[in-house]
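See below for the structure under consideration.
Just so it is clear, none of the values below were taken in a lab; they were calculated from the coordinates. Everything numeric in this text was worked out from a predicted model, so none of it was measured. Heads up, the Cβs are rebuilt from the backbone with ideal geometry, glycines too, and the neighbour counts pull from every protein chain shown.
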Amino acid sequence: MASYRFTLSSILAGIAAAALAAPALAASFPRVEVPISQTQLPDGNIRYSVPVSFGGDTAVMAMVDTGSIGLRVLTKAFSASAPQAEDTGVVRSYPFGSGVVLRGSLVRTVVAVGDAATAQPIVVQNVQEVTCGPERPNCPASKMDADSYGIGGDGIPNQGFQAILGVSIHKPRIPLAAGNPLSDLGDSWIVELPLPGDSSPGRLIINPTAAERKGYKMSSVPKPQVDPATGGISPDTVNKFSVCPKRSHCETVKLDTGAPDSLQVFYTYSVLYDQAHNAIGVKSR
């Protein structure tokens, strides 16, 4: 789900996959494959999701968003599933490109993405308020009451999800923030979305094997620029990356599974995120 701070532009030459190949992961970070489901909204847009649980055994389907950072859960789902969560006392607001702003407490709880669970509690956001930012007062959240709102539902009542899993390769710029849970489960992951109309799910591979990492053409990800107005990541340097499917050819693409206009690249390529080397790679499907 692209944010107004999420349009990332990086112009770097491709780097050979072998030069960036990670060493074998420690046994504490096992390979886990999580199915990615697709849901078509009434307006035709497709959303993708994976099962996530927090502080307990009850899983919810969380929208997979490579264009944002952190696990954020609507309080109506969170309160029932994570009664033992530790409140940090910190409240944050997180804006998205649609104009939607998720606001709520930061809490610590154990998180599981599919069968991969964090060893310790991590910071996630318990979303207690959904509003519109001043630049987009008619955002999707303005079209219904809180009980009917779902994340990524395009403003359609009773559509969307109770949680969003932001798996951007970037890390939060502030010390206490909801980070990408995959960073606590290893240092690399592969996103393979199901193609439109596929009956079988796609795959989120956490800690792929050396064999699974072969064949990706890698490009380094530079540190995103800071927006002087907000102190956050610049809107122009968040979700656009230079990828090089061929060594002789690089192109700037938007890698944001939450934005319908950037899904084609995921239909064309399998995408490897290598956080250990701050690099992203693509391989034709």
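Could you give the length gained by full extension between Arg103 and Arg285, i.e. 0.36 nm per residue of separation minus their alpha carbon distance, to one decimal place?
Numbers: separation 182, 0.36 × 182 = 65.52 nm, distance 3.78 nm.
Difference between extended and current length: 61.7 nm.
By the scheme Lys and Arg +1, Asp and Glu -1, what is the net charge of all other residues having a beta-carbon under 14 Å from that of Val73? Write down the numbers at each step before the final one.
Details: positive: Arg72, Lys76, Arg92, Arg103, Arg108; negative: Asp65, Asp87, Glu129.
Summing Lys/Arg as +1 and Asp/Glu as -1 gives +2.
At what distance in nm do the modelled label points of Ala177 and Val90 sit from each other, each positioned 7 Å from its Cα along Cα→Cβ?
So the two model labels end up 1.0 nm from each other.
If packing is taken as the average number of other Cβ atoms within 10 Å across a peptide's residues, how do 265-272, 139-146 rank, most packed first?
265-272, 139-146
Is segment 90-202 rounded, prolate or oblate when judged by the Cα gyration tensor, a ≥ b ≥ c being the square roots of its eigenvalues, rounded requiring a/c under 1.5 and prolate requiring a/b larger than b/c?
Numbers: a/c = 1.92, a/b = 1.20, b/c = 1.60.
Oblate is the answer for segment 90-202, as a/c is 1.5 or above yet b/c matches or exceeds a/b.
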